[in-house]
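What follows is one structure encoded as structure tokens, with my remarks underneath.
The values are calculated or read from the model by the stated rules, or taken from the named source; none is laboratory data. Predicted model, so just to flag it, every value in this text is computed and none were measured. A quick note on method: Cβ atoms are made from the backbone with ideal geometry, for glycine too, and the neighbour counts reach across all protein chains shown.
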Amino acid sequence: MLIAVEQELPKVEHRMCARHIYGNLRRAYPGKELPKHLFWAVAKSFNAVDYYKATEDLKKFDQGVYEALMSKNPENGSRAFFSCTSVCEDVSNNFSGSYNITINKAREMPLVAMLKTIRRQCLIRNEMRRKKAAKHKGKYTPKVAKTIKEEQRYLKYCQVIPCGNDHYEVAEHVHHGFRVDMNAKTCACRRWSMTGIPCRHVLHVIGMKNNLKPEDFVNFDWYLTSRWVAQYNETMRGVNGMYFWRKSGETELQPPPREPTKGRKKIQNESRAKMNLQRKGKSKQRM
Ligand SMILES: [Zn+2]
């Protein structure tokens, strides 16, 4: 896959799934208690400084685990080194996992039945999502409100120092300074650029300004509720069943012949009758 993506899609960023990296680590250390939070801190670091701090913490926990992780090139699976172009902070391909589990039952079916089952699953899901999106009030999707709420918990640790021209230095826990540029819409922590949703440092700057709301600084319109609703405007149509299919006039396809079953072979009728006769003869002699 690595070679194929590099050759065929040279300009596309290829990320590794952090969940799979973690799974491989667990296999390398069966029975060993791996602290999840240390590993996920590495994957979910938004910038290189946080990433190196997280890897150091893992090293202090266990040198062997640290070396095993380093051999997997974890930079490909950490937000700290992801490009902000796609504005996606996902570190795992959980959505593929969810899809595979959802269609698990259908995968065992013959082709037509499998496709029909998956299509119906899609119809049910789309309808559910359509209703959910239509019911949602607010300019942006719930993810925006949730992220802002989580970041707001850290506002009490931040302090803003204005530098002029809408530039700011935001101190978190007094010592850690973050450069915020409201014109370029960037913060040194990289969270704003990578997610499009203001980070705690930017939220603090916004809080200083009159009549401004955090939602006004969401960078991308694909978080808009109207976009979410529009996604489900195009509906899939129902499909008529086999009963309505037009006869083609061609010979009907038949299943392939069954392979002979392994194990004990069935006795042919003739030889079975011979054996029965022999048995009867023996029992008469005994009488
Ligand atoms: Zn920030």
Requested in this report: Could you please find all residues in segment 172-181 being more than 10 Å from the ligand (Cβ to nearest atom) and modelled with pLDDT of 95 or more?
Outcome: 181
Query raised in the report: Which one is nearest to the ligand (Cβ to nearest atom) among residues in segment 210-221 that are in contact (Cβ under 8 Å) with a residue 40 or more places away in the chain and not polar (S, T, N, Q)?
Result: 214
Query raised in the report: Quick check: is even one residue across segment 46-64 under 19 Å from the mean Cα position of the chain (by Cα) and not aliphatic (A, V, I, L, M)?
Result: yes
Query raised in the report: If you check residue 207 against the conditions, is it farther than 23 Å from residue 84 by Cα, among the small types (Gly, Ala, Ser) and more than 16 Å from the ligand (Cβ to nearest atom)?
Result: no
Query raised in the report: Does residue 42 meet the test of being farther than 21 Å from residue 191 by Cα, under 23 Å from the mean Cα position of the chain (by Cα) and in a helix (DSSP H, G or I)?
Result: no
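Here's the yes/no breakdown for (1) more than 16 Å from the ligand (Cβ to nearest atom); (2) in contact (Cβ under 8 Å) with a residue 40 or more places away in the chain; (3) touching a Phe, Trp or Tyr at 6+ places or on another chain (Cβ under 7 Å):
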{"site": "85", "(1), (2), (3)": "yes, yes, no"}
{"site": "105", "(1), (2), (3)": "yes, no, no"}
{"site": "130", "(1), (2), (3)": "yes, yes, yes"}
{"site": "168", "(1), (2), (3)": "no, no, no"}
{"site": "183", "(1), (2), (3)": "no, no, no"}
{"site": "188", "(1), (2), (3)": "no, yes, yes"}
{"site": "197", "(1), (2), (3)": "no, yes, no"}
**Report entry** Verdict on residue 13 being free of Cβ contacts under 8 Å to residues at least 12 places away in the same chain and either closer than 24 Å to residue 84 by Cα or not in a helix (DSSP H, G or I) (or both)
**Finding:** no
Query raised in the report: Quick one: would you say residue 138 is without any contact (Cβ under 8 Å) to a residue 60 or more places away in the chain and either among the small types (Gly, Ala, Ser) or in contact with a Ser or Thr (Cβ under 6 Å, 6 or more places away or on another chain) (or both)?
Result: no
Requested in this report: Determine which single condition residue 171 fails, assuming it passes every other condition in (1) surrounded by fewer than 13 Cβ atoms within 10 Å (Cβ to Cβ); (2) in contact with a Gly (Cβ under 6 Å, 6 or more places away or on another chain); (3) not charged (D, E, K, R).
Outcome: (1)
Query raised in the report: Do we have residue 240 as more than 16 Å from the ligand (Cβ to nearest atom), assigned by TED's automatic domain parsing to the domain that holds residue 186 and over 26 Å from the mean Cα position of the chain (by Cα) here?
Result: no
Query - Flag for residue 145 being among the small types (Gly, Ala, Ser), more than 16 Å from the ligand (Cβ to nearest atom) and on the phi < 0 side of the Ramachandran plot - result: yes
Report summary line: For segment 192-214 the number of residues that are over 24 Å from residue 45 (Cα atoms) and within 28 Å of the chain's Cα centre (by Cα) is 0
Requested in this report: Identify all residues within segment 58-74 that are free of Cβ contacts under 8 Å to residues at least 24 places away in the same chain and assigned to a helix (DSSP H, G or I); write none if there are none.
Outcome: 58, 59, 60, 63, 66, 67, 70
